[in-house]
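Notes follow the structure.
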Amino acid sequence: MSLYDKIMKIYPDLTQADFMPFGGTIMLQNDSDGRGDYIAKWEHPVHPQPTQEQLDAITE
Amino acid sequence: MAISTIDSTGLSAGAVLQPNVGNGVAGTGPVFCAYANAQQTGISVGTFTQIALQTIEYDTASCFNNTNATVNGIPAYAFKPNVAGYYSITGIVWTTVSGNNLSYTFANIYKNGAWYKDGSAGNNAGGTTATAELSSIAQCTVYLNGTTDYVQLYVWGNTNSSVTF
């Protein structure tokens with residue numbers, strides 16, 4: 001499950017617009033260096049950035 | 001003895017260095033062209049993903065790194081010129097997406113590891129085909145300081161996709 005999918009499960013009211021290049025408040029990034037996806041920016045006005053524990057708890 | 005006229009016949013090749021070039025005089029600074037030699041798969045939805053550019057078409061000053069690790073101080077798949085100035089950067093991505101949803105793809109130029117510019121929006125308006133080929137071009141003129149600044153190419157899509165080039 002991708003980081004995007006996990007965040008969408010934690011906050012089901014989020015939409016793709018929250019992640020889009022133009023106007024999005026959440027930026028996920030992958031530097032193709034083997035470390036995988038990560039949260040590069042979190043500026044959502046309502047939801048706090050999920051903790052690693054919250055993300056790890058999402059398995060499916 | 002006063003020297004009133006100096007022309008190129010009196011100069012050795014390479015005698016004039018970049019710092020000696022005045023404002024408004026364009027030099028032939030570092031330039032490169034690189035591209036992906038294989039399809040890059042597994043690009044996650046909604047995630048800015050760096051594009052691997054493994055093949056160098058030309059790299060006049062060895063300022064581009066075509067590997068996925070830092071080499072000679074140049075980050076992975078980055079162009080890090082050794083001459084300060086304004087550079088015109090163009091990146092093109094072509095993605096393959098599947099599904100019948102409206103899909104978008106954006107090429108992105110990153111500077112020093114952070115988002116810098118977005119490209120055009122490639123999309124499959126209508127979203128009625130099982131698969132779609134989307135392309136996006138990102139272009140900008142950016143100042144690079146010739147020492148620490150570098151640029152890289154990323155892609156963003158709103159569906160799971162693979163990058164063809």
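The protection proxy used here, the mean number of other Cβ atoms lying within 10 Å of each residue, ranks peptides B:42-50, A:10-18 as follows, highest first: B:42-50, A:10-18. A straight line joining the Cα centroids of the stretch B:45-110 and the stretch A:13-56 runs 21 Å. In terms of Cα atoms, the Rg and Dmax of chain A work out to 11.3, 31 Å.
Where a number appears in this text, it was derived from the coordinates with a stated rule and is not lab data. These figures come from a predicted structure and were not determined experimentally. Note: ideal-geometry Cβ built from the backbone for every residue, glycine included; neighbour counts use all protein chains shown.
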